[in-house]
Amino acid sequence: MDSVLKEYKLTTQRLIIREPRIGDAELLMPMFSDPVAMRYIGNGAPRDLDTVRQSIRKRIAYFAETGTTLFTVALQETGEVIGDCGIFPYNWEGPEIELAYRFRQTAWGNGYASEAGRAVIDAGWRDTEINELLGVTDLQNHASQRVLTKLGFENLGTTGAYYDEELSHFRLRRPQ
Ligand SMILES: CC(C)(COP(=O)(O)OP(=O)(O)OC[C@H]1O[C@@H](n2cnc3c(N)ncnc32)[C@H](O)[C@@H]1OP(=O)(O)O)[C@@H](O)C(=O)NCCC(=O)NCCS
């Protein structure tokens, strides 16, 4: 029980990346309920509050088990929750470990995905035994592909191996 309540915080120049909490579901709804923000995520449909709560429960359980997860991201200056970023087993099944980041539209275009991604990756190499990260994006999600490239991921082309669709496929190996 103790570990479920564990706190975690990564601080970057502008962001706080912290452990997921069940109350984050409401705070993340501006992103999850937005059809534009969600168009390249999963089946492309917005998610309702119950679905988001279920997802947060998985994040909390995985964090308690491993010390990493899909974290909640807030702006340092205002405390506003703007999205999530983290590493977790592909589709919560694995075995690959995937990097993900999603932000509400009002936060786009400020370099936050790159800033959060960098911090999460560095913490992953430092705090876990993970040796390789997977990145997959919709073929049209050029902004996300650019983020992965900026984070040093190798572009492996396209793949049909994940999420039952053809996706852009990226990989990052632990630095030697
Ligand atoms: C994708 C997403 C995370 C990017 O977040 P962000 O904070 O705006 O990203 P950054 O500012 O760190 O970097 C975005 C980069 O993509 C570039 N970019 C933005 N839109 C682009 C487009 N349509 N085509 C090509 N490049 C684009 C930006 O110029 C920037 O690159 P630069 O720094 O070289 O100029 C954000 O748009 C988002 O949350 N989208 C909805 C959820 C999502 O799709 N998540 C990814 C799932 S794989």
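The values are calculated or read from the model by the stated rules, or taken from the named source; none is laboratory data. Quick caveat, the model's predicted, so the values are computed rather than measured. Neighbour counts are summed over all protein chains in view; Cβ atoms, including those assigned to glycine, are modelled from backbone coordinates with ideal geometry.
Going by the conditions given, is ASP84 of a type outside the set (A, V, I, L, M), within 27 Å of GLU132 (Cα to Cα) and either part of a loop (DSSP other than H, G, I, E, B) or modelled with pLDDT of 95 or more (or both)? Yes; evaluated as a whole, the condition is true for this residue.
Cβ-Cβ distances below 7 Å connect the following pairs, each with a first residue in the stretch 117-140 that is closer than 21 Å to TYR163 by Cβ, a second residue that is away from the ligand (no atom under 13 Å from the Cβ) and among the small types (Gly, Ala, Ser), and a separation of six or more residues or different chains: ILE130/GLY124. Looking at the stretch 104-135 only, could you name the residues that are among the aliphatic types (A, V, I, L, M), within 7 Å of the ligand (Cβ to nearest atom) and either touching an Asp or Glu at 6+ places or on another chain (Cβ under 9 Å) or at positive phi (or both)? Once the filter is applied, which keeps residues that are among the aliphatic types (A, V, I, L, M), within 7 Å of the ligand (Cβ to nearest atom) and either touching an Asp or Glu at 6+ places or on another chain (Cβ under 9 Å) or at positive phi (or both), the stretch 104-135 yields only ALA107.
Identify all residues within the stretch 136-146 that are near the ligand (Cβ under 6 Å from one of its atoms) and among the polar types (S, T, N, Q); write none if there are none. Answer for the stretch 136-146, where residues must be near the ligand (Cβ under 6 Å from one of its atoms) and among the polar types (S, T, N, Q): THR137, ASN141, SER144. Against the list (1) touching a residue at least 24 places away in the same chain (Cβ under 8 Å); (2) part of a helix (DSSP H, G or I), the condition THR51 fails is (1).
Selection of first residues in the stretch 25-43 that are assigned to a helix (DSSP H, G or I) and of second residues that are of a type in the set (Lys, Arg) and near the ligand (Cβ under 8 Å from one of its atoms), restricted to Cβ pairs under 7 Å at least 6 apart or on distinct chains, gives the following pairs, ordered by first then second residue: PRO30/ARG104; MET31/ARG102; MET31/ARG104; ALA37/ARG102; ALA37/ARG104. The number of residues in the stretch 147-176 being more than 13 Å from the ligand (Cβ to nearest atom), within 17 Å of ILE97 (Cα to Cα) and of a type in the set (Ser, Thr, Tyr) comes to 1. Only one of the numbered conditions (1) of a type in the set (A, V, I, L, M, F, W, C); (2) closer than 23 Å to TRP125 by Cβ; (3) touching a residue at least 40 places away in the same chain (Cβ under 8 Å); (4) touching a helix residue (DSSP H, G or I) at 6+ places or on another chain (Cβ under 8 Å) is not met by PHE63, and that is (4). Taking the numbered list (1) crowded, with 17+ Cβ neighbours inside 10 Å; (2) at positive phi in turn, GLY94 passes all entries but (1).
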